[in-house]
Amino acid sequence: MDFEFSQEEKIFKDVARRFFENELKPIYKKIDQQSHIPKDFIKKMAEQGFLGILNSQKYGGSEASFINATIVAEEIGRSDISLATAVFYLVNTAWGYIFEKYAKEEIKEEIMPKFVKGEAFIGICSTEPIGGSDVASIKTTAIKKENHYVINGEKIYISGVREILENDGGLVTLVKTNPELKHKGISLFFLPIKGMKNVEVSYLENMGRTGISTALLRFKESEIEEKYLLGNLNEGFYYAMEGFTLARILVAASCLGMAESILEQGIEFIKNRIAFGKPIAKYEGIQFPLTELYTMIEASKLLVYKAAWLVDKFMKKETEWKEVVKFSAMSKMLLPQLALNTVLEVMKWHGALGYTKELGLEIGLRGVLSYYLGAEGTTNIMKIIIGREILGKEFIPYKD
């Protein structure tokens, strides 16, 4: 048993940290203020091989391990505590992988070369106004007519829509192709919304992670060619769960990086802030929550990287998918809460300064709430998944 990265992984982590500290950290407040991630920075990410990191070299991807993809997510979280850049990266990474795995070759040849250069965004389009966690109850339909499908329905809280419309790409979208079969009647389509007719877009204003757009989409008799079907008809639910499992690990890693960064900032502050004649780091009221957060961060780091390690083992057919699912859900259950706890505690250490925008910690508070409240699955959904994997499907609290 070895708890260290390999030499190659250590080098990769050092490269990623230097890159994001030099290129991202100086602009994270600007990203939050101007509500977009600069294109020149995205281009630099692509040149480093961080976009398309899981994709095959055939299309210009890095074909890296999932551990390396997780390292990048952690380092992005450290340097942009708003988590906007993390959202851009992890959505592209998880769903870019699903796209390549299940899309038809002609579509991959069209999109992938742009994707790995940062010129196209690949997102996920699942949540509807009725809710997001109960995927089997989606209402959006795709009905086949001759050699195309007609889509009707609404999707909401969809990340990256503006980025697609201003550049290129599309959304991995869940639709009902056989509504009577519930989750067994769901299919996945890749929707290049920039070139589609009868698609209405309304943007939503989030309280945080404003560097990436969020939108509501309305499909009204919107047509899509059959070639944009991903994988097999009526198997989209299972493909989507695969994507969510990967994305949850990257979410957790981003929250881990954010928590580490904020706690380090807090430690430096309490060692130098003098109250009643001595640094406040000497007071137990500061030390005790510090030690609890530090311990939880170290413990959670092991959990996140075990989840990533299991993904790589699964891809080598050395473990079962259920183990990946379980550790992914555990990571997602713990890390957003831990990151939220960390930023709130460190803000308290700063007193009134913690409430100011000048300090900048409120950017992290606003950003991490998106994952705490439910993106990629609520805490209770993670608990249901974990319980199912521990006890068996016969003990899940709902029936198909």
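The values are calculated or read from the model by the stated rules, or taken from the named source; none is laboratory data. This structure is a prediction, so every number in the text was calculated from the model and none was measured. Here the Cβ is made from the backbone with ideal geometry for all residues, glycine too, and neighbour counts use every protein chain on show.
Before moving on, here are some points about what is shown:
- Within the set SER6, SER79, SER62, the sole residue that is surrounded by fewer than 15 Cβ atoms within 10 Å (Cβ to Cβ) and hydroxyl-bearing (Ser, Thr, Tyr) turns out to be SER6.
- Number of the exception - ILE156 against (1) surrounded by fewer than 20 Cβ atoms within 10 Å (Cβ to Cβ); (2) over 23 Å from the mean Cα position of the chain (by Cα): (2)
- Pair list, Cβ < 6 Å and 6+ apart or interchain, from the stretch 337-355 residues that are in the same structural domain as ALA281 (by TED's automatic domain parsing) and surrounded by 17 or more Cβ atoms within 10 Å (Cβ to Cβ) to residues that are of a type outside the set (A, V, I, L, M) and assigned to a helix (DSSP H, G or I): LEU338/SER300; ALA339/CYS255; LEU340/TYR372; VAL343/GLY364; GLU345/PRO289; VAL346/GLY266; MET347/GLY354; TRP349/GLY266
- Qualifying residue in the stretch 263-273 (condition: touching a residue at least 40 places away in the same chain (Cβ under 8 Å), among the charged types (D, E, K, R) and either assigned to a helix (DSSP H, G or I) or within 17 Å of LEU338 (Cα to Cα) (or both)): no
- Restricting LYS10, LYS25 to those that are at pLDDT 95 or above, among the basic types (Lys, Arg) and under 13 Å from ASP80 (Cα atoms) reduces the list to LYS25.
- Top-ranked residue of the stretch 279-305 - restricted to ones that are over 26 Å from ILE71 (Cα atoms) and free of Cβ contacts under 8 Å to residues at least 24 places away in the same chain, ranked as surrounded by the most Cβ atoms within 10 Å (Cβ to Cβ): ALA281
- Residue check for ALA215: assigned to a helix (DSSP H, G or I) and at pLDDT 95 or above: no
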